[in-house]
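Please treat every number below as a calculation from the coordinates, not as lab data. Predicted model, so just to flag it, every value in this text is computed and none were measured. Cβ: placed from backbone, ideal geometry, glycine included. Neighbour counts: every protein chain shown.
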Amino acid sequence: MQTLSFDSLGRRTGVLLHVTSLPGPRGIGELGAAARAFLDWLARTGATVWQFLPLSPPSGPHCPYISWASTLGNPAVVDLEALRDWGLLTDADLRAPGFPEDFVDFDAVLGWKLPLLQKAASVLLSSASHPRAGVFARFQKESVYLQEPALFQALRRRYNAPWWQWPQALRDRVPDALKVSRIELGGEIDEAVCLQFFFESQWADLRAYARQRGIYLFGDVPIYVDLDSCDVWMNREQFYLDSQGSPTVVAGVPPDYFSEKGQLWSNPLYRWDRMAEDDYAWWRARLGRVLCHADFVRIDHFRGLSSYWEIPAWASDARTGVFRKGPGRAFFEVMRRHFGPLPLIAEDLGMIDEEVISLRQWAELPGMKVLQFAFGGDATNPHLPHNHSRRNVVYLGTHDNDTTRGYLEKLDPRTHEHLRCYLSLGEGDPVWNLIRVSLGSVCDLAVITMQDLLGLGSEARMNNPATVLGNWRFRIREQDLDPSCADRLRDLNGLYGRLTC
């Protein structure tokens with residue numbers, strides 16, 4: 001697989017907006033006209049990178065970083081108009097209820113949309129003469145990686161329980177039991193594969209459109225996977241689990257900026273020694289799928305590849321954890337051998353020590369600088385602009401931070417005074433003043449959240465890591481793709497040498 005080198009990008013600007021946050025009339029972002037309109041607007045700004053969060057189907061509280069299948073796409077963002085144009089739905093099907101414009105009501109949207117996706121799949125599967133039938137048949141034959149996740153999804157629905165509570169033969173993947181289930185659930189498996197066909201077809205079209213507009217796609221891969229996922233069910237021997245499938249230790253992070261008790265993520269931890277035995281085959285397959293959707297990828301919680309926080313499964317919070325050694329250089333040596341230059345960006349935030357820095361530098365991966373972490377300390381803070389270096393990505397804040405307006409409104413007096421003295425920002429909109437600072441950084445890539453371009457407050461925050469409910473719901477409206485905002489950003493991109501044409 002030919003991959004993109006970060007060094008070949010040069011000086012650019014990106015905008016961070018997740019796919020579900022795109023505008024449109026059906027309650028959630030879709031991969032159709034609204035996505036193309038966003039790319040058109042992005043091109044007008046002079047920005048040439050679109051960053052989004054993981055594309056896999058969420059489980060639990062609709063968090064894109066927790067998925068039941070890390071190699072699949074999320075059917076919830078499939079464009080229904082395209083399915084109508086394929087003759088799989090009708091105009092009447094597309095008449096959506098009155099969903100909110102500025103946030104996603106996931107339960108309501110999915111309750112309405114999933115039956116329509118299933119209807120479209122049923123029409124295609126039942127019509128061998130349909131113009132798309134032959135293309136789908138080839139997709140089904142070539143996409144063998146979809147079969148087990150599709151079986152997992154069907155079994156999950158049948159038993160309405162996590163995989164470790166299924167009948168023992170299925171929990172333990174006894175071949176005869178799996179064979180019987182594949183026959184019994186063949187219709188549901190075909191339907192699940194068909195929904196992936198819709199997603200992959202539309203994503204390929206959108207990626208081609210982005211390429212025409214000169215825009216690179218910047219994806220995201222979470223370091224961990226959900227316990228109740230086909231990833232774990234299919235690869236139990238590569239995780240720290242007991243004989244019943246329960247984790248013995250789990251992932252998280254120690255106390256930090258976001259939480260005084262740390263964060264108890266509860267994801268099962270990898271047995272890196274086992275993974276090394278087959279050249280990290282599971283990771284190679286996973287990364288390969290992500291690179292089918294993006295030109296380069298942020299690897300979330302990069303420090304976990306150097307050392308990770310191991311928490312006993314019985315713990316009520318993360319404070320009882322200890323650091324364990326990760327795979328380190330061996331992991332990246334294997335990935336380089338299979339992929340060549342790695343199109344990865346390290347999310348090197350949080351508790352970063354010299355070993356993490358050394359590994360990132362050895363692996364030749366860009367890191368991240370976040371202006372919201374820069375102020376209130378001393379001149380050695382690595383996030384301060386005078387400590388930036390070219391091979392990094394600079395942010396005002398990420399999807400885990402408050403919006404910049406919300407951040408500024410909550411600053412304590414000491415941090416506010418440090419920011420004011422350091423930047424000498426003067427008059428004008430303080431958010432746009434900080435946007436100007438990020439674009440003026442020496443970092444090759446500057447990424448701005450859409451919320452900050454719109455000057456929104458804390459109500460538009462995408463995620464608060466210390467909470468479970470109320471996250472990931474932010475959406476823009478069609479009128480937010482404002483030409484004057486685009487032109488303002490384009491002027492600054494030109495001023496700071498971030499225009500590519």
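What is the dipole size for segment 1-155, taken about its Cα centre, with +1 at each Lys and Arg Cβ and -1 at each Asp and Glu Cβ, in debye to the nearest 20? Can you show the working numbers first?
Numbers: 12 positive and 14 negative charges, 70 e Å.
Result for segment 1-155 is approximately 340 debye, rounded to the nearest 20.
About its Cα centre, what dipole magnitude does segment 7-495 give when the only charges are +1 on Lys and Arg Cβ and -1 on Asp and Glu Cβ, stated in debye to the nearest 20?
Numbers: 52 positive and 61 negative charges, 151 e Å.
In total the dipole reaches around 720 debye.
Structure shown: which of 325/369; 113/410; 369/410; 261/325 lie over 30 Å apart, alpha-carbon to alpha-carbon? It would help to have the intermediate numbers written out before the result.
Values: 325/369 25 Å; 113/410 39 Å; 369/410 21 Å; 261/325 22 Å.
Pairs exceeding the cut-off: 113/410.
Let me check the size of segment 401-444 from its C-alpha atoms; what are the radius of gyration and Dmax in Å?
10.8, 32
Given a cut-off of under 8 Å on Cα pairs at least six residues apart, what relative contact order in percent is computed for segment 289-432? List each step's numbers first, then the result.
On the way: 156 pairs, mean separation 25.7, N = 144.
About 18 percent, as a whole number.
From the gyration tensor of the Cα coordinates in segment 154-302, what semi-axes in whole Å does the equivalent ellipsoid have, largest first, with each one equal to sqrt(5λ)?
Details: eigenvalues 164, 133, 43 Å².
They are 29, 26, 15 Å, listed largest first.
Please compute the length gained on full extension between residue 352 and residue 380, using 0.36 nm multiplied by the number of residues separating them and subtracting their Cα-Cα distance.
Working: separation 28, 0.36 × 28 = 10.08 nm, distance 1.43 nm.
Length gained, residue 352 through residue 380: 8.7 nm.
Using a cut-off of 10 Å between beta-carbons, work out the net charge of the residues near residue 7 (Lys and Arg +1, Asp and Glu -1, residue 7 not included). Please list the in-between numbers first.
Numbers: positive: 390, 391; negative: 364, 444.
Net local charge, residue 7 excluded: 0.
What residues qualify as long-range amide H neighbours of residue 266, i.e. H under 5 Å apart, gap of 5 or more or another chain, H built at 1.01 Å from N?
251
Go ahead and estimate [θ] at 222 nm for the chain from helices alone: -39,500 (n - 2.57) per DSSP H run with n ≥ 4, summed, over the residue count, rounded to 500.
Numbers: 18 runs with 189 residues, N = 501.
Calculated at 222 nm, the ellipticity per residue is -11500 deg cm²/dmol.
First select every other residue whose beta carbon is under 14 angstrom from the beta carbon of residue 222; then total the charges, Lys and Arg +1, Asp and Glu -1. Write out the running numbers ahead of the final one.
Numbers: positive: 286, 289, 298, 303; negative: 220, 226, 231, 300, 347, 400.
Result for the local shell: -2.
Normalised radius of gyration for segment 238-325, please: alpha carbon Rg relative to 2.2 N^0.38 Å, two decimal places.
Values: Rg = 14.5 Å, N = 88, 2.2 N^0.38 = 12.1 Å.
The reported ratio for this selection is 1.20.
Excluding residues fewer than 8 places away in the same chain, name every one of the aspartates and glutamates whose C-alpha is closer than 16 Å to that of residue 141.
Counting by Cα, and skipping residues close in sequence, residue 141 has these aspartates and glutamates nearby: 190, 191, 200.
Between segment 29-61 and segment 297-355, what is the C-alpha centre distance in whole Å?
Each part reduced to its Cα centre gives a spacing of 27 Å.
Which FRET efficiency, nearest 0.05, do residue 256 and residue 422 yield, Cβ-Cβ r, R0 30 Å? Kindly include the intermediate steps, with their values, before the conclusion.
Numbers: r = 23 Å, r/R0 = 0.77.
According to the calculation, E is roughly 0.80.
Rounded to the nearest 0.05, what FRET efficiency is calculated for residue 242 and residue 336 with R0 set to 30 Å and r the Cβ-Cβ distance? Intermediate values should be presented prior to the final figure.
Working: r = 35 Å, r/R0 = 1.16.
With a Förster radius of 30 Å, E is 0.30.
Please give the length that would be gained between residue 234 and residue 37 if that part of the chain were fully extended, namely 0.36 nm times their separation in residues minus their C-alpha to C-alpha distance (nm, one decimal). Let's see the in-between values first.
On the way: separation 197, 0.36 × 197 = 70.92 nm, distance 3.93 nm.
So the chain would gain 67.0 nm between residue 234 and residue 37.
When the Cα atoms of the chain are enclosed in a convex hull and the volume is divided per residue, what value in Å³ results? If you can, show how the numbers build up before the last one.
On the way: hull volume 74.2 nm³, N = 501.
Here the figure is 148 Å³ per residue.
Within the set of other residues whose C-beta is less than 12 Å from the C-beta of residue 353, count the net charge using Lys and Arg as +1 and Asp and Glu as -1. Don't skip to the end; give the middle numbers.
Numbers: positive: 303, 360; negative: 348, 354, 355.
It works out to a net charge of -1.
Just to confirm my numbers, what's the Cα centroid distance between segment 359-424 and segment 214-290 in Å?
28 Å
Using a 7 Å offset from the Cα along the Cα-to-Cβ direction at both residue 7 and residue 91, what is the distance between the two label points in nm, to one decimal?
So the label points at residue 7 and residue 91 sit 5.7 nm apart.
Rank these for me by crowding, 190, 279, 91, 353, going from fewest to most other beta carbons within 10 Å.
Working: 190 17, 279 14, 91 8, 353 11.
So the residues, fewest neighbours to most, are 91, 353, 279, 190.
How many percent of Cα pairs in segment 333-455 exceed 20 Å? Walk me through the intermediate numbers first.
On the way: 3452 of 7503 pairs.
In whole percent, the share of Cα-Cα pairs in segment 333-455 beyond 20 Å is 46.
Whole-Hz ³J(HN,Hα) for each residue in segment 280-297, computed from phi via Karplus 6.51 cos²θ - 1.76 cosθ + 1.60 with θ = phi - 60°, x for glycine and proline: what do you get?
With the stated coefficients, segment 280-297 comes to 6, 4, 4, 5, 5, 5, 5, 5, x, 5, 4, 6, 6, 10, 9, 7, 8, 9 Hz.
What nm value, rounded to one decimal, do you get for the distance between residue 130 and residue 108 when each label is placed 7 Å out toward the C-beta?
Roughly 3.0 nm, to one decimal.
Taking R0 as 35 Å, what FRET efficiency do you get between residue 208 and residue 459 from their Cβ-Cβ distance, rounded to the nearest 0.05? Could the numbers behind the result be given before it?
Values: r = 35 Å, r/R0 = 1.01.
Between residue 208 and residue 459 the formula returns 0.50.
With an 8 Å Cα cut-off and a minimum separation of 6 or more residues, compute the relative contact order for the chain in percent.
Details: 857 pairs, mean separation 105.9, N = 501.
Across the chain, relative contact order equals 21 percent.
With the convex hull built on the Cα atoms of segment 372-439, state its orientation-averaged projected area in nm². Present the calculation step by step, with values, prior to reporting the outcome.
On the way: hull surface 18.7 nm².
Computed as one quarter of the Cα hull surface, the answer is 4.7 nm².
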